[in-house]
1. Just to verify a number: FRET efficiency for SER83 and ASN37, C-beta to C-beta distance, R0 = 22 Å, to 0.05?
2. With a 10 Å cut-off between alpha carbons and a GNM built on the chain, which of ASN132, ASN70, ASN172 moves the most?
3. Out of [x] 23, 19, 17; [y] 30, 20, 16; [z] 21, 20, 18, which label holds the value of semi-axes √(5λ) of the Cα gyration tensor in Å that was computed here?
4. Rounded to a whole number, what % of the accessible area of the chain do carbon and sulfur atoms account for, probe 1.4 Å?
5. So which of LYS42/LYS176; LYS72/LYS176; LYS76/LYS176; LYS56/LYS94; LYS36/LYS56 end up more than 20 Å apart, counting from Cα to Cα?
6. Defining a contact as two alpha carbons under 8 Å apart and six or more residues distant in sequence, what relative contact order in percent does the chain show?
7. Which residue, GLU34, GLU152, GLU47, has the most motion in a Gaussian network model of the chain that connects Cα atoms within less than 10 Å?
8. When the Cα centres of the stretch 121-139 and the stretch 157-191 are compared, how far apart do they sit, in Å?
Amino acid sequence: MMKKIIFLFLFIICCSKTQSQQSRVILPENRISEIKNFLKGKNYNQEIAVFINFKKHSGKYRYFVYDLKNDKILQKAIVSHGSGSVIANSSALKFSNKEGSYQSSLGKYEIRESYIGKFGKSYRLNGLDSTNSNAMQRAIVLHSYNCIPDKESENPACLSLGCPMLSQVAFNETAKYIDQSKKSIILYAFY
């Protein structure tokens with residue numbers, strides 16, 4: 001009986017380490033540390049951040065709501081990138097902060113107030129870096145769109161005009177975190 005308990009205990013530890021290591025591959029530790037350091041002493045939510053890892057294939061989970069206090073992923077989802085970010089015959093992406101580029105922009109965003117627009121409920125994104133400082137004038141917002149799937153696949157997600165788009169299910173889940181927060185949450189898009 002004792003051997004079974006010890007085996008079960010070791011199995012659980014092994015699985016939790018493997019899960020933690022897997023989350024570090026899709027969400028690198030240095031990116032998490034960068035946001036934790038950025039948030040120190042600032043008037044933003046200190047417990048939750050949103051990450052987009054544009055290095056991952058668009059049909060895979062690359063959008064993460066992350067618990068900064070307990071170092072765990074709370075939500076993962078598929079997210080679009082801008083149609084202008086596509087490089088022909090390449091899996092690489094390009095990024096821009098220019099109006100009319102239809103490219104995604106990298107950097108830290110403050111998730112601002114919600115509004116109801118042509119995509120339903122959406123959140124304004126205020127770019128905090130030189131790489132995304134035109135987000136407000138470009139109308140780069142976090143919203144849902146029906147062509148974004150809920151489940152991973154080898155097929156690429158549909159493209160946006162530069163906005164991070166989620167499925168309706170994923171957007172509703174994210175909205176709960178954003179709407180419950182008394183302070184703005186930071187979204188960090190990296191490549």
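The values are calculated or read from the model by the stated rules, or taken from the named source; none is laboratory data. Note that the coordinates shown come from a computational prediction; the quantities given were computed from them, not determined experimentally. Cβ placement follows ideal geometry from the backbone for every residue including glycine, while neighbour counts extend to all protein chains displayed. Just the protein is used for accessible areas: all its heavy atoms, side chains included, with ligands, DNA and RNA removed. Shrake-Rupley method; radii C 1.70, N 1.55, O 1.52, S 1.80 Å.
1. Values: r = 33 Å, r/R0 = 1.51.
Given R0 = 22 Å and the Cβ-Cβ separation, E is 0.10.
2. Between ASN132, ASN70, ASN172, it is ASN70 that shows the largest mean-square fluctuation.
3. Label [y] holds the value from this structure.
4. Here carbon and sulfur together make up 54 percent of the probe-accessible area.
5. Violating the 20 Å limit, Cα to Cα: LYS42/LYS176; LYS36/LYS56.
6. Taking the mean separation of contacting Cα pairs over the length of the chain, I get 24 percent.
7. Highest fluctuation of the listed residues: GLU34.
8. Their Cα centres are 13 Å away from one another.
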